[in-house]
Amino acid sequence: MEDSQLICAYLDSLDGKPRFHDPLRASDWEYLRLEYAARSLCEGICVWGREMGRPESERSPTVLAHEAARANRMADVFEDRATDPLMRGAPLMAHLILAVALDHAHRPGPGDLTNGRPRLAAWMRSISDVPSMQRTAPP
């Protein structure tokens, strides 16, 4: 997942009409805060997943607890931001990262981070309804 951003940016640029990497967003600090918060959530969930992939006797309960707590703190941030205008409209990279992070947390990760967060759950349902998200969803 570490190279996903670069791969997405490259693919998005091929037709000369970037959809997810709007050049105008490159200096939009509010948007960048949103994208990097989504990236932080995704990173923590990936760390949690890698730790769980280790033999049980080698897993660090401290790392697992830290990453689960971070995921919940970040989910609270996104619960508060779910109605922000930046979270609306056509999907941008921040939205895709957040959707992947939430999906990954729910599937093999620390759990459904939308539980008890109705605005975040509604946002996730809406982005999950995007046809391209449905076509590329893991089984």
Item to check | One residue from Arg88, Arg81, Arg119 being among the charged types (D, E, K, R) and without any contact (Cβ under 8 Å) to a residue 40 or more places away in the chain | outcome: Arg88
Checklist entry - Taking interchain pairs and intrachain pairs at least six residues apart, which have beta carbon atoms under 7 angstrom, with the first residue in region 55-74 and closer than 16 Å to Ala101 by Cα and the second among the basic types (Lys, Arg) and assigned to a helix (DSSP H, G or I)? => result none
Checklist entry - Under the condition of being of a type in the set (Val, Ile, Thr) and under 12 Å from the mean Cα position of the chain (by Cα), which residue from region 79-113 is surrounded by the most Cβ atoms within 10 Å (Cβ to Cβ)? => result Ile97
Checklist outcome for this item: The residue that is surrounded by the most Cβ atoms within 10 Å (Cβ to Cβ), considering only those in region 114-139 that are part of a loop (DSSP other than H, G, I, E, B) and hydrophobic (A, V, I, L, M, F, W, C), is Val130
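Look at Glu30 and say whether it is among the charged types (D, E, K, R) and either at positive phi or modelled with pLDDT of 90 or more (or both).
On the way: among the charged types (D, E, K, R): yes; either at positive phi or modelled with pLDDT of 90 or more (or both): no.
No.
For the condition at pLDDT below 90, more than 28 Å from Asp12 (Cα to Cα) and not aromatic (Phe, Trp, Tyr), what is the one hit in Pro23, Pro110? Can you show your working first?
Details: Pro23 fails: more than 28 Å from Asp12 (Cα to Cα).
Step by step, each of Pro23, Pro110 is checked, and only Pro110 is at pLDDT below 90, more than 28 Å from Asp12 (Cα to Cα) and not aromatic (Phe, Trp, Tyr).
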Checklist entry - Which of the residues spanning region 38-74 are of a type outside the set (D, E, K, R), surrounded by 13 or more Cβ atoms within 10 Å (Cβ to Cβ) and over 16 Å from His104 (Cα atoms)? => result Val63, His66
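The values are calculated or read from the model by the stated rules, or taken from the named source; none is laboratory data. Just so you know, these numbers come straight off a predicted model, no measurement behind them. Neighbour counts are summed over all protein chains in view; Cβ atoms, including those assigned to glycine, are modelled from backbone coordinates with ideal geometry.
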